[in-house]
Each structure stands twice: as C-alpha cells, then as structure tokens.
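S.K.: The structure under discussion is supplied below as structure tokens; questions concerning it will follow.
The values are calculated or read from the model by the stated rules, or taken from the named source; none is laboratory data. Computed from a prediction, not measured in an experiment: that's the story for all the values here. Every residue, glycine as well, gets a Cβ built from its backbone with ideal geometry; the counts of neighbours run over all protein chains shown.
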Amino acid sequence: MRIIIDAMGGDNAPDSIVSGAVKAAESIPGLELILVGRGEAVLESLKKFGHSEVPKNIEIVNASDLITQNDDPTSSIREKKDASMVVALNLLRNGGGDALLSAGNTGALLTGATLIVKRIKGIRRAALAPVLPSSDGARIIIDVGANIECTPEMLLQFAAMGLCYAKGVLAKPNPRCSLLNIGAEEEKGTPLYVETYKLLQASGLNFAGNIEARDFYTSDTDVVVCDGFSGNVLLKSMEGMALYLLSELKSAIYSSALSKLGGLLIQGSLAELKKNMDYNEIGGSVLLGISKPVVKAHGSSNSKAIFSAIKQAVTMTESGLIADITAFAARDAG
C-alpha cells in the first residue's frame, strides 16, 4: 500500500511529518510512503532521525512551494501548482498512491480534494468526520467545519457516509446515527434541523433521533450529524474542556502530600484517561465524500499524531469505505 504525505503541511513540518512517517515505515508491513515537499528539507529531517539515506520504502517527490495556514484556499490551489499539497493531490488523482495525508490548510485540502481528486458521483459535498472517544470506545461527528451552510439533503448524505465509516472502519455491526440539536423532540431546532429530522426518519437509515451536546459521550449512538458550524463549535468546546479538566486534575493531585500519594495509586488509570482523550492517538479527520481516501491531520500534530493518521489512512483504504459510499450514492440517485 502506498500512502502519499504532504510533508510541508502543518505547524511542525517537516520534522514531525518525517518522524511519524519513519516510524510508520519501520513498523507497518508492506507500507510504502511518498513524502511530497522540499527535497532538501525532507532529507535534513531524515538525517535528524538517524537516516543518512532514504529508507527503501520511502520515496521523496520534490515540490518547491507550500500552502500556508493563512493562504486563501481556492486561489492557493489554483495558483500554487508546485505546492506540496497540490502535487500530492495530483499524485493521488493519477494513481500514484492509495490514500493521502496532510496536516496543512484545511480549507485548501477540502478545495483541492474537491477540484483535483473529485467527489464521489452523487455526493453533494465532502465532510470532515473525526472519530472521538466515548463511553463505548469511539464516536463519529460529521461535519466539523467543511460546510458552514448546509441543506437537509446534505445532512442526510453526511449521516449515510458516517454510518458507512462506522460500519466499515470502526467495525460497528449495526451503527446508529443521531442529529445534533437543542432538544430530543423532533420539532426542536431551526428549519434546517426540523426538515433534516423528517428526511432521516423516512430514509431507512438507522436513525436514533435528536441528541443534545451534553449526551455526546454517554448516548448509544455511533454517528452524530450536524452542519459544519455547529460541529466545529462542539469539537473545539470538547477539546478545550478536555485540556481544562486534565489541567485542573493535575493541579488538584499536586496540591498536597496526601493527594500526591493518592495520585500515585491511580497513576495507571489517569494515564489511560489521558490517552483516551488525546487526539494524537486517533490521528486525524477523514474527508468523506471524496473519490479516494483523504485524511486531514491536526495542524499542530506531533510525530505520534502523524503515525496514528498514517495507520488511519491504511485502515480506511483497506476497509472498502469508498466503494460503500459510492454504492450508497448510486442508490440515492436512483
């Protein structure tokens, strides 16, 4: 399997990208990686991590330019033809690899994937779908920022794509979806959500009704559906709260000698809790609706997050998820 990686994307590129890639290349059997970026910078990073020569299962494709986080998504994709992200997307489109990973500009990746790689026929919009921890292991939220304004038909497709992901990648045998809303009653919310509820109820999908944000972690749903604005606010709120709670817990443990002793007794459990809440363990958000697998890693990803995102790209590719979504879109069109 060949994974194409935008080596210049993200706050810590290329070092964190190269470090995570080297770890993946050394530990995942049959994996080949293509690092796209400024060749000299990538080679220097490889040397930092003990490789005076390029490993046999890693290839470097030179790209002289890069897209920054401040660049306009559409104009940068159209004008920066030799940017690492654009070169990587063209490689994916032309069959140079099986999947693509980037920690770069989210808007540019969405625009580039749509314009260059193309959406699956019949899918109205691609959507970002991160996997988050929950009481039963994992939960998908879709969309978290790719589409600020949505239609009920788009949210219906998001639900179907999320269910395909939950079943094919997370191995949930009969996943359920819910609609993020301000109350459980079907008449709650804006006209967008009232109409979406009706569509989901009549769709034949395994729809469990509305869900409030406070129930995200504890409900028995597998896919939470929302527009990109609401999803992004929810995601960032959860990230901030997780960091705050871990910080406060650490302060409480170190506040006295007695609490320090108690902290030692629960050290293993705290480490497991931190691991479950760490996005670096998950990798990134899958861009669902694109005709080939695309994974968006967090902009501040470290090498562990990149390694996790590479594993995520491998699992997504092996799962047949694209074929499942394609089959749904064909049925929906019919």
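S.K.: Out of all the residues in segment 115-124, which are surrounded by fewer than 24 Cβ atoms within 10 Å (Cβ to Cβ) and at negative phi? Lay out the reasoning, then the answer.
M.R.: Kept after step one, since they are surrounded by fewer than 24 Cβ atoms within 10 Å (Cβ to Cβ), are these residues of segment 115-124: 115-122, 124.
Correct list: 115, 116, 117, 119, 120, 121, 124.
S.K.: Right, something else. Among the candidates 58, 28, 5, 17, single out the residue that is β-branched (Val, Ile, Thr) and touching a Gly at 6+ places or on another chain (Cβ under 8 Å).
M.R.: 17
S.K.: Still on this model: Just to be sure I understand, how many residues within segment 161-180 are farther than 21 Å from residue 201 by Cβ and touching a Lys or Arg at 6+ places or on another chain (Cβ under 8 Å)?
M.R.: 1
S.K.: Right, another one. Of the residues 96, 107, 30, 112, only one is surrounded by fewer than 21 Cβ atoms within 10 Å (Cβ to Cβ) and under 29 Å from residue 159 (Cβ atoms); which?
M.R.: Working: 96 fails: under 29 Å from residue 159 (Cβ atoms); 30 fails: under 29 Å from residue 159 (Cβ atoms); 112 fails: surrounded by fewer than 21 Cβ atoms within 10 Å (Cβ to Cβ).
107 is the lone residue from the list that is surrounded by fewer than 21 Cβ atoms within 10 Å (Cβ to Cβ) and under 29 Å from residue 159 (Cβ atoms).
S.K.: Go through segment 20-53 and give me each residue that's in a helix (DSSP H, G or I) and over 15 Å from residue 8 (Cβ atoms).
M.R.: The answer is 22, 23, 24, 25, 26, 27, 47, 48.
S.K.: May I pose another question? Kindly indicate whether any position in segment 137-145 is assigned by TED's automatic domain parsing to the domain that holds residue 227, among the basic types (Lys, Arg) and in contact with a Phe, Trp or Tyr (Cβ under 9 Å, 6 or more places away or on another chain).
M.R.: Scanning segment 137-145 turns up at least one residue that is assigned by TED's automatic domain parsing to the domain that holds residue 227, among the basic types (Lys, Arg) and in contact with a Phe, Trp or Tyr (Cβ under 9 Å, 6 or more places away or on another chain).
S.K.: Kindly indicate whether any position in segment 34-41 is of a type outside the set (Gly, Ala, Ser), farther than 21 Å from residue 300 by Cβ and in contact with a strand residue (DSSP E or B) (Cβ under 6 Å, 6 or more places away or on another chain).
M.R.: Scanning segment 34-41 turns up at least one residue that is of a type outside the set (Gly, Ala, Ser), farther than 21 Å from residue 300 by Cβ and in contact with a strand residue (DSSP E or B) (Cβ under 6 Å, 6 or more places away or on another chain).
S.K.: Against the conditions (1) touching a helix residue (DSSP H, G or I) at 6+ places or on another chain (Cβ under 9 Å); (2) farther than 18 Å from residue 130 by Cα, where does residue 190 fall short? Just the number, please.
M.R.: Of the numbered conditions (1) touching a helix residue (DSSP H, G or I) at 6+ places or on another chain (Cβ under 9 Å); (2) farther than 18 Å from residue 130 by Cα, the odd one out for residue 190 is (1).
S.K.: Determine which member of the set 196, 221 is surrounded by 17 or more Cβ atoms within 10 Å (Cβ to Cβ), outside the structural domain of residue 294 (by TED's automatic domain parsing), at pLDDT 95 or above and hydroxyl-bearing (Ser, Thr, Tyr).
M.R.: Values: 221 fails: at pLDDT 95 or above.
Sole residue among the options that is surrounded by 17 or more Cβ atoms within 10 Å (Cβ to Cβ), outside the structural domain of residue 294 (by TED's automatic domain parsing), at pLDDT 95 or above and hydroxyl-bearing (Ser, Thr, Tyr): 196.
S.K.: Return the total of residues in segment 215-241 being over 14 Å from residue 131 (Cβ atoms) and among the hydroxyl-bearing types (Ser, Thr, Tyr).
M.R.: Residues that pass the stated criteria total 4.
S.K.: Answer yes or no as to whether residue 131 is modelled with pLDDT under 95 and either assigned by TED's automatic domain parsing to the domain that holds residue 236 or closer than 23 Å to residue 285 by Cα (or both).
M.R.: yes
S.K.: Select from segment 200-216 the residues that are buried (at least 16 other Cβ atoms within 10 Å of the Cβ) and in a helix (DSSP H, G or I) and write down the one among them that is modelled with the lowest pLDDT.
M.R.: Going through the qualifying residues, I end up with 213.
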